[in-house]
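A.B. asks: My structure is below; once you've seen it, I'll send some questions.
The values are calculated or read from the model by the stated rules, or taken from the named source; none is laboratory data. This one's a predicted model, so the numbers in the text were calculated from it and none came from an experiment. In this analysis, Cβ positions are derived from the backbone assuming ideal geometry, glycine residues included, and neighbour counts consider all displayed protein chains.
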Amino acid sequence: MDISNSWDWNAGKKEIAQFGNWPTSFDWVEEPYASPDGEKIAAVVKTGEMEFSVCVNGTAWENPFDKVWYLRFTPDGRLTGIVSDTGQWTMAVDGVAWEEQFDYLWDTQFTRDGQTIVCAVQQGMQYLIASNGKLWETKFANIGHTAVSPDGSRTAASVQTESFNEGEIFKFQKGCYSVAVDGKVWDRNFINAWRMAFSPDSQRVAAEVRVNLLEYTIAVDGQAWDTTYPIVWEPCFHPSDGSVFAPAKVDGGWTMIRDGKPCWNGRYAQVWHQMFSPDGNRLAAIVAPKYGKWTMAIDDTPWNLTFDGFVTDACFSPDSSRVACIGVNDKRHQICVDGQAWSEGYDMVWAPVFSPDSQHVAAKVEKDGKYTLVVDGKKLKESYTMVWDPVFSPDSQYLLLKALEGSGPDTVYTRSVLPLKDILG
């Protein structure tokens, strides 16, 4: 179910909070965050000597903390922050702290529905994962990249399984790292283990691993592919058939590998950040056809358009027929859709968003210190002190604009629902 179905999609503007008076109400105010539905604006605030809280729509949380950081809204609209209370750290959700406390925690992640909150924690100089406050039973000497299963029921992390000091190079080369899933370590150790991915059904895990000083590959549920490579990147599972894909360097350049065998004929200066279309029938990746030239390749066919800077934030449309990304030339950021760049460039562009019907693309942009939204290459007439990422209505007829308007004490936070027909004409 799309969470946004329950939001207010009536056209018009609402003033949510008088943000400009917050700096005079508190000792200082940090960067503000807007809720997914636009009904709330929140920021970490200093309320007294060594006392911090979070202000939401002008009202601070009831209970202050020693410190609050990494403020984030969950997809379902709850507000989370990593908080310190009497020297111990934990997670606070809408101002209520978890009962469990830790020496430290970081790397907050959410499931798509927002129901599961996961983070890495340190406890007694050992490390583990906490999911909605519940801890793994096993602790480790070190922890690296973490992952959450699509259904939120499982977690994984790259972990150190053997202790060693700086001089024990031969022990290191035998392998002192692996992947732990729900706290249980794979049977095999590796020299290193990095980014991992869960299968769509949440039952399997794949990770990039280093099997010796010079060779890398992908391991699936602890079993490494037979073929090794000079380097590989983060793997992903096919949405339906269970096969595993990863970019790897082979003779002639980089290409896409499927279950240990090349599945693309093309050889590139680089391939990474691969993604499947929602229907699972198309595979796209950011590629460099030659050194210093970046673009998108869809099923091993690169766009003709290339960028000298970089390409990032690629996404498929919901109907799997279109691809959008950000391309940069000489610090000029552009949105590129289906191999065509929008004419105007900006100082900064944020991730493009497709409408549910796949017909429209919108993005947050910044130029000369002013922010606005662009839809299908057309800017809104107004610019703002700040805007947040756009959201299309479920019927693709409206666009949600969350913005700070005005300056100084007159700054207000507003929520506007704009008819697309008014934007596009």
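A.B. asks: If a residue must be crowded, with 19+ Cβ neighbours inside 10 Å and within 18 Å of Trp254 (Cα to Cα), how many such residues does segment 308-338 contain?
C.D. replies: The qualifying residues number 1.
Quick grid of which residues meet (1) touching a Gly at 6+ places or on another chain (Cβ under 7 Å); (2) modelled with pLDDT under 95; (3) assigned to a loop (DSSP other than H, G, I, E, B); (4) surrounded by fewer than 18 Cβ atoms within 10 Å (Cβ to Cβ):
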{"residue": "Gly167", "(1), (2), (3), (4)": "no, yes, yes, yes"}
{"residue": "Gln173", "(1), (2), (3), (4)": "no, yes, no, yes"}
{"residue": "Val179", "(1), (2), (3), (4)": "no, no, no, no"}
{"residue": "Ala197", "(1), (2), (3), (4)": "no, no, no, no"}
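A.B. asks: Every residue in segment 1-12 that is surrounded by 12 or more Cβ atoms within 10 Å (Cβ to Cβ) and over 29 Å from the mean Cα position of the chain (by Cα), please.
C.D. replies: Scanning segment 1-12 gives a single hit, Ala11.
A.B. asks: Let me ask another. Taking only pairs six or more apart or across chains, which ones have beta-carbon atoms under 8 Å, a first residue in segment 30-46 that is within 10 Å of Arg72 (Cα to Cα) and part of a strand (DSSP E or B), and a second residue that is β-branched (Val, Ile, Thr) and at pLDDT 95 or above?
C.D. replies: Tyr33/Ile41; Ala34/Ile41; Ala42/Val54; Ala42/Val56; Ala43/Val29; Ala43/Val54
A.B. asks: Would you check which residues across segment 344-398 are among the hydroxyl-bearing types (Ser, Thr, Tyr) and buried (at least 17 other Cβ atoms within 10 Å of the Cβ) and list them? Full working, then the answer.
C.D. replies: Filtering segment 344-398 down to residues among the hydroxyl-bearing types (Ser, Thr, Tyr) leaves 346, 355, 358, 371-372, 383-385, 393, 396, 398.
Selection gives Tyr346, Ser355, Tyr371, Thr372, Ser383, Tyr384, Thr385, Ser393, Tyr398.
A.B. asks: Scan segment 70-127 for residues that are crowded, with 19+ Cβ neighbours inside 10 Å and at positive phi and report the count.
C.D. replies: Matching residues across segment 70-127 total 0.
A.B. asks: Additional query: Which of the residues belonging to segment 292-305 are part of a loop (DSSP other than H, G, I, E, B) and either within 9 Å of Gly339 (Cα to Cα) or among the aliphatic types (A, V, I, L, M) (or both)?
C.D. replies: Trp303, Asn304, Leu305
A.B. asks: Also: Spot the failing condition for Thr372; the list is (1) in a strand (DSSP E or B); (2) in contact (Cβ under 8 Å) with a residue 40 or more places away in the chain, and only one is missed.
C.D. replies: It fails just one condition, (2).
A.B. asks: Pull up segment 26-55, narrow it to residues that are surrounded by fewer than 21 Cβ atoms within 10 Å (Cβ to Cβ) and hydroxyl-bearing (Ser, Thr, Tyr), then point me to the one that is farthest from Gly408 (Cα to Cα).
C.D. replies: Applying the filter and picking the extreme gives Thr47.
A.B. asks: Name the single residue, out of those in segment 49-87 being among the charged types (D, E, K, R), farther than 19 Å from Gly114 by Cα and assigned to a strand (DSSP E or B), that is modelled with the lowest pLDDT. Please lay out each step first, then the result.
C.D. replies: Taking segment 49-87 as the starting set, the residues that turn out to be among the charged types (D, E, K, R) are 49, 51, 62, 66-67, 72, 76, 78, 85.
So of that shortlist, the ones also farther than 19 Å from Gly114 by Cα come out as 49, 51, 62, 66-67, 85.
With the extra rule that they be assigned to a strand (DSSP E or B), the set shrinks to 51, 67, 85.
On the way: Glu51: 93, Lys67: 96, Asp85: 88.
Among those that are among the charged types (D, E, K, R), farther than 19 Å from Gly114 by Cα and assigned to a strand (DSSP E or B), it is Asp85.
A.B. asks: Which condition number does Asp241 fail, the rest of (1) at pLDDT below 95; (2) more than 27 Å from Ala297 (Cα to Cα) being met?
C.D. replies: (2)
A.B. asks: Let me ask you something else. Here are some conditions: (1) farther than 22 Å from Ser396 by Cβ; (2) outside any loop (DSSP other than H, G, I, E, B). Gly280 meets all but one. Which one does it not meet?
C.D. replies: (2)
A.B. asks: Within the bounds of segment 88-100, is there any residue that is among the charged types (D, E, K, R), part of a strand (DSSP E or B) and in contact with a strand residue (DSSP E or B) (Cβ under 7 Å, 6 or more places away or on another chain)? Steps first, please.
C.D. replies: Within segment 88-100, the first condition is being among the charged types (D, E, K, R), and the residues that meet it are 94, 99-100.
After this cut, where a residue has to be part of a strand (DSSP E or B) as well, the list is none.
No.
A.B. asks: Looking at segment 223-238, which of the residues that are aliphatic (A, V, I, L, M) and either assigned to a strand (DSSP E or B) or touching a Ser or Thr at 6+ places or on another chain (Cβ under 6 Å) (or both) is surrounded by the fewest Cβ atoms within 10 Å (Cβ to Cβ)?
C.D. replies: First, the residues of segment 223-238 that are aliphatic (A, V, I, L, M): 224, 231-232.
Filter once more, keeping what is either assigned to a strand (DSSP E or B) or touching a Ser or Thr at 6+ places or on another chain (Cβ under 6 Å) (or both): 224, 232.
Numbers: Ala224: 19, Val232: 23.
The residue in question is Ala224.
A.B. asks: Would you check which residues across segment 347-381 are closer than 17 Å to Phe316 by Cβ and of a type in the set (A, V, I, L, M, F, W, C) and list them?
C.D. replies: Correct list: Ala351, Val353, Phe354, Val361, Ala362, Ala363.
Here is a yes/no grid of residues against (1) in contact with a strand residue (DSSP E or B) (Cβ under 6 Å, 6 or more places away or on another chain); (2) among the polar types (S, T, N, Q); (3) at pLDDT 95 or above:
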| site | (1), (2), (3) |
| --- | --- |
| Arg204 | no, no, yes |
| Glu215 | no, no, yes |
| Ala219 | yes, no, yes |
| Gln223 | no, yes, yes |
| Phe245 | yes, no, yes |
| Asp251 | no, no, yes |
| Gly260 | no, no, yes |
| Cys263 | yes, no, yes |
| Gln270 | yes, yes, yes |
